[in-house]
Amino acid sequence: MARLPGKGALMRSGGLWLTLLGAALVAAVWLWVPPIPQPEAYHDFADQRRVLGIPHFGDVISNGVFLLVGLYGLLQTRRLQARQTFRPATDAWPYYALFAATVGVAFGSIYYHLDPDHWRLYWDRLPISLAFMAIFTAVLGERLPARVTPWLLPLLLLIGAAGATHWLVTELSGQGDLRLYLLVQAVPILVAVVWIGMRGGRYTRGGDVIAAAGWYLLALVLENLDALVFEATGGWVSGHTLKHLLAGVALYWLARMLRLRRRRGALA
């Protein structure tokens, strides 16, 4: 006779879906907020140095961390897939997307920081949005039935791409709007933290995702202290450069999670 799920399991399952519903409601309310344009001053970064012929040297060179972590993450994902750590195999897909997007961030951000403007910023933000949606897919998919990931990943990647693209289209039309782009970062972080806290998933070390989120939030703080950090360090490093490095640490934490995690019993 099939074993019925316990009361605790039912409550956790209901809580997970209520979290998604709550996130959808928050998103709907957020979209009632007036459009948020991108300030032109955003492109005026503190590090204006030209070193070895490279403009905005620190902000450009620091993107090397994304390239290194992205390649390492792809190799780590491939190694674990070969060892059949991912079961089902589709659990590897979001991590391939995540670390491929991380490599994309390296090139997109270099392209942007060489000559910052709105158009170039899009090619920085597009892979960032895809990376957020990839890890969001991983967190959700590992806590839902295995058949969900193959359709959830392309759907969420499309939403992520829409967030960045919507910003660019509205900006070029003279009515810039960051709301959707901000949502595709905030919602995955908030929902992922709640889901990890409520359900363990098919693998161990879910807490590493929360730690990675912490590193990223610290990176955002330093980004907003760009000039202050540059002045405090005597012009050696800017807050935005440190943002790149700490965001790289966050992504490395996810690659490290893959290396250290173990599989639990499969979910139904």
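The values are calculated or read from the model by the stated rules, or taken from the named source; none is laboratory data. This structure is a prediction, so every number in the text was calculated from the model and none was measured. Neighbour counts run over all protein chains shown; Cβ positions are idealised from the backbone, glycine included. Ligands, DNA and RNA are stripped out before the accessible areas are found, and what is left, the full protein with its side chains, is counted by its heavy atoms. Shrake-Rupley method; radii C 1.70, N 1.55, O 1.52, S 1.80 Å.
Quick notes on this structure:
- Rounded if a/c under 1.5, otherwise prolate or oblate - the range 117-236, Cα gyration tensor axes: oblate
- Label assignment, Cα extents along the principal axes in Å derived from the structure, set (1) 62, 54, 39; (2) 71, 43, 30; (3) 84, 35, 34: (2)
- Carbon and sulfur %, accessible surface of the chain computed with the full protein complex present, 1.4 Å: 71 percent
- Solvent exposure of the range 17-161 as accessible area per residue, Å², 1.4 Å probe: 48 Å²
- Cβ-derived FRET efficiency at R0 30 Å, ILE36 paired with TRP151, nearest 0.05: 0.45
- The range 162-221 shape via C-alpha gyration tensor axes, a/c threshold 1.5: prolate
- Tensor-based shape of the range 55-173 (alpha-carbon gyration tensor, a/c under 1.5 rounded, otherwise prolate or oblate): oblate
- Degrees between helix 118-141 axis and first principal axis of the chain (Cα, 0 to 90, nearest 10): 20 degrees
- In order through the range 213-222: 3J(HN,Hα) via Karplus (6.51 cos²θ - 1.76 cosθ + 1.60), integer Hz, x for Gly, Pro: 4, x, 4, 5, 5, 5, 4, 5, 4, 5
- Label-point separation in nm, THR204 to ALA28, each point 7 Å along Cα→Cβ: 4.2 nm
- Inter-probe distance in nm under a simple model that places probes 7 Å from Cα toward Cβ, at LEU68 and ILE54: 1.2 nm
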